[in-house]
1. Could you list, in sequence order, the residues of segment 300-325 that are closer than 23 Å to Ala216 by Cα and open to solvent by less than 20 Å² (accessible area, probe 1.4 Å)?
2. In segment 142-189, what residues are within 12 Å of the ligand (Cβ to nearest atom) and in contact with a strand residue (DSSP E or B) (Cβ under 7 Å, 6 or more places away or on another chain)?
3. For segment 238-262, give me the residue count where each residue is in contact with a Ser or Thr (Cβ under 6 Å, 6 or more places away or on another chain) and open to solvent by less than 20 Å² (accessible area, probe 1.4 Å).
4. Quick check on my filter: what residues within segment 218-265 are more than 16 Å from the ligand (Cβ to nearest atom), in a loop (DSSP other than H, G, I, E, B) and of a type in the set (D, E, K, R)?
5. Kindly list the number of the only condition in (1) within 16 Å of the ligand (Cβ to nearest atom); (2) touching a Cys at 6+ places or on another chain (Cβ under 8 Å) that fails for Met107.
6. Quick one: is Phe82 of a type in the set (A, V, I, L, M, F, W, C) and out of contact with any helix residue (DSSP H, G or I) (no Cβ under 6 Å at 6 or more places or on another chain)?
7. Among the candidates Ala6, Ala29, single out the residue that is touching a strand residue (DSSP E or B) at 6+ places or on another chain (Cβ under 9 Å), open to solvent by less than 50 Å² (accessible area, probe 1.4 Å) and over 30 Å from Met107 (Cβ atoms).
Amino acid sequence: MRPLLASIDLSAIRHNYQLARQQGGGRKAFAVIKANAYGHGAREVVSALPEADGFAVAFLGEAGEVRGLHMLARVLLLQGCFEPAEFRMAAQMELDVVVQGPEQAEMLLATRLVKPLRIWLKLDTGMHRLGFTRDNLRDWYQRLHAAPQVAELNLMSHFACADEPEHPLHTRQLGEFDTFADLTFAHRSLANSAAILATPQSHHDWLRPGIMLYGASPFASRSAVELGLQPAMTLSGALVSVREVPAGDSVGYGATWSATAPTRIGTISCGYADGYPRCAPPGTPVLVGGRRVPLVGRVSMDMLTVDLSQVPEAVVGTPVELWGRAISVDEVASHCGTIGYELLTRVTARVKRHHHY
Ligand SMILES: *Cc1c(COP(=O)(O)O)cnc(C)c1O
């Protein structure tokens, strides 16, 4: 069998969920499990969190499985409904639904539901992707408060710079949200992972931790370990080939990297079709036999290559970690000019996942 495995530590996710609640002053928390729980398997993550207050997904298609596994938890649709039939299904499934603008609100008011919905009005505090504006929120608050489709009216918004709590926009968004303190909402929700950890004023009633559940850091400057998070995913494999390459010879597609001295090269069966980024430059760390070695040459579809000079004992079969506890996904991501979120969500279906406690 091909030596490549994404092993998922569900105890780590449980630990991180508790840490999110604790850092969030004991508020209730929607575990954000959109995008197949950031690549970790939504079904398994939901099953591992029976005590969760709620779960959040991006859209209706991601909600069905969650409701099937957890009859009591609140399940929040972060992007709301895209057509009337989705509002009807959401009502049947007793979901919490974000209404992110006038068009969705009109659609809701024009739809007959089997029972009223818990609605989260989204306020655009400055991200400028979704949400009611400061000027139209009050009108819609009045209309939805009175609507037979609405069982409970809540307020939410989302930060653009929560990972930079000193950023002026962050402060502005906090202020915008509090502008509506006089309105009566059942619950308010503003904080994602970064805000849970760095902006206590944003905690309100419901937290929305995503990335921190999976043990990656929302901050460029603070590691997951420093934050007390436990990485949930280990992407591991083994060397499938080892060879000596003479000085001057190149390795891999495009001959973009050449050995300056005779070099032992190890090949790992993991490539961009598995979700390891093709843009990873030479020098990106890989753990081989417990030691960090540099990636060399281009990442190809099914394989990548490393320089084994520092691990002379490495042979075919020597264990490899692409990311996990020894090398964080955040560190690999920063070499690639991206964030841990992207690498975790991009691990493809052909990578075997193994869940354990
Ligand atoms: C994805 C998402 C979150 C979770 O964000 P993290 O940075 O992963 O904690 C919270 N709220 C909304 C609206 C989201 O889309």
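1. Just the residues of segment 300-325 that are closer than 23 Å to Ala216 by Cα, to begin with: 319-325.
Once the filter is applied, which keeps residues that are closer than 23 Å to Ala216 by Cα and open to solvent by less than 20 Å² (accessible area, probe 1.4 Å), segment 300-325 yields Val320, Leu322, Trp323, Gly324.
2. Our first condition is that a residue be within 12 Å of the ligand (Cβ to nearest atom); within segment 142-189, this holds for 156-163, 189.
Met156, Ser157, Ser189 - these are the residues of segment 142-189 that are within 12 Å of the ligand (Cβ to nearest atom) and in contact with a strand residue (DSSP E or B) (Cβ under 7 Å, 6 or more places away or on another chain).
3. The total comes to 3.
4. Glu226, Asp249
5. Going through the list (1) within 16 Å of the ligand (Cβ to nearest atom); (2) touching a Cys at 6+ places or on another chain (Cβ under 8 Å), Met107 breaks only (1).
6. Working: of a type in the set (A, V, I, L, M, F, W, C): yes; out of contact with any helix residue (DSSP H, G or I) (no Cβ under 6 Å at 6 or more places or on another chain): yes.
In short, yes.
7. Details: Ala29 fails: over 30 Å from Met107 (Cβ atoms).
So the residue among Ala6, Ala29 that is touching a strand residue (DSSP E or B) at 6+ places or on another chain (Cβ under 9 Å), open to solvent by less than 50 Å² (accessible area, probe 1.4 Å) and over 30 Å from Met107 (Cβ atoms) is Ala6.
The values are calculated or read from the model by the stated rules, or taken from the named source; none is laboratory data. Owing to the predicted nature of the structure, the values given are computational and were not obtained by experimental measurement. All Cβ positions, glycine included, derive from the backbone under ideal geometry; neighbour counts span all protein chains shown. Surface accessibility is based on the protein's heavy atoms, side chains included, excluding ligands, DNA and RNA. Shrake-Rupley method; radii C 1.70, N 1.55, O 1.52, S 1.80 Å.
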